[in-house]
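Enquirer: So that we are looking at the same thing, I have put the structure below in structure tokens.
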Amino acid sequence: MHVLIPAAGSGSRMRAGKNKLLIELEGESLIYWTLKSVFSSSLVSWVGIIGQPNDKNELLNSIKGFSSKVQWINGGETRQESVFHGLNSLPSDAKKILIHDGARCLIEPSLINKCAQELEGNEAVVLATKVTDTIKIVDDKGYIQETPNRKNLWAAQTPQGFLVERLRKAHLMAIEKNWIVTDDASLFEILNWQVKIIEGNSSNIKITTPLDLKIAKLFLKDF
Ligand code: CTP
Ligand code: MG
């Protein structure tokens, strides 16, 4: 299985003054922990890491021995652009792809395997968890408009897996039509292409704020 790791963000919500994936937890960078888990999956055969040219040396140094096993790809201004660059840099034998955010460093290898396996029978898969909060849809003035039924609500995570040709086509259409999305599955949804949900777990958080770092530290101790 081929895997792309978007790692080209700036981490503005973390306010660390640098790419949050370079922050260290338990003595290693966040991106190191992500790659450690990805390379622990026996189904993974190729990994591309998508980063900003400015971060290249620091990111590759921080992943230590994994640096010789990854393909470096220059990222874009948005996650969407970064993934598109990644898709254009895949080896030609890549028919299926898992995309996993560098910022989800607590992913369990067994869940990566589960996504890869489910991609055998589906054109697109997304790891997700059932939402436990009651979610409100709120208007721009701050008033509640609607409360969707919680039984239909899932929080999308990564990995997200796709047939490469389909995802490439979806990204090309997005550029043409100016669709702006925050994950790849959204493009399939706009196109009315089926995406299968795979139930994951809520420890697979995306490290976004300083609080997430504290939570991740607790989980890493269990690894
Ligand atoms: N990402 C990327 N290219 C970008 C922006 C984001 O590859 N131009 C990656 C990030 O490195 C991260 C993932 O996409 O692994 C999810 O993005 P997010 O959590 O939003 O990270 P940042 O964009 O770095 O954080 P922020 O939005 O707070 O600035
Ligand atoms: Mg972002």
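Enquirer: Give the number of residues within the stretch 45-71 that are open to solvent by less than 40 Å² (accessible area, probe 1.4 Å) and of a type outside the set (Gly, Ala, Ser).
Expert: 9
Enquirer: Condition first: touching a Lys or Arg at 6+ places or on another chain (Cβ under 7 Å) and not in a strand (DSSP E or B). Now tell me which residues in the stretch 100-134 satisfy that.
Expert: Matches in the stretch 100-134: ASP101, ALA103, ARG104, GLU118, LEU119, ASN122, GLU123, VAL131, THR134.
Enquirer: While we're here: Here's a check for you: in the stretch 157-192, which residue that is in a loop (DSSP other than H, G, I, E, B) and touching a residue at least 24 places away in the same chain (Cβ under 8 Å) is farthest from the chain's Cα centre (by Cα)?
Expert: Looking only at the stretch 157-192, we keep the residues that are in a loop (DSSP other than H, G, I, E, B), and these are 178-184, 191-192.
Going one step further and asking which of them are touching a residue at least 24 places away in the same chain (Cβ under 8 Å), we end up with 180-184.
Working: ILE180: 16, VAL181: 13, THR182: 10, ASP183: 8, ASP184: 9 Å.
Ranking the candidates gives ILE180 first.
Enquirer: Of these, THR158, THR129, THR147, which one is open to solvent by 40 Å² or more (accessible area, probe 1.4 Å) and of a type in the set (Val, Ile, Thr)?
Expert: THR147
Enquirer: Could you check the stretch 184-205 and list, in sequence order, the residues that are surrounded by 15 or more Cβ atoms within 10 Å (Cβ to Cβ) and under 29 Å from GLU26 (Cα atoms)?
Expert: GLY200, SER203, ASN204, ILE205
Enquirer: What number of residues in the stretch 1-13 are farther than 19 Å from SER67 by Cβ and either near ligand 2 (Cβ under 10 Å from one of its atoms) or of a type in the set (Phe, Trp, Tyr) (or both)?
Expert: Residues flagged as farther than 19 Å from SER67 by Cβ and either near ligand 2 (Cβ under 10 Å from one of its atoms) or of a type in the set (Phe, Trp, Tyr) (or both) within the stretch 1-13 amount to 5.
The values are calculated or read from the model by the stated rules, or taken from the named source; none is laboratory data. Model, not experiment: these values are computed from the prediction. Cβ: placed from backbone, ideal geometry, glycine included. Neighbour counts: every protein chain shown. Note: accessible area is taken over every heavy atom of the protein model, side chains too, but ligands, DNA and RNA are not part of it. Shrake-Rupley method; radii C 1.70, N 1.55, O 1.52, S 1.80 Å.
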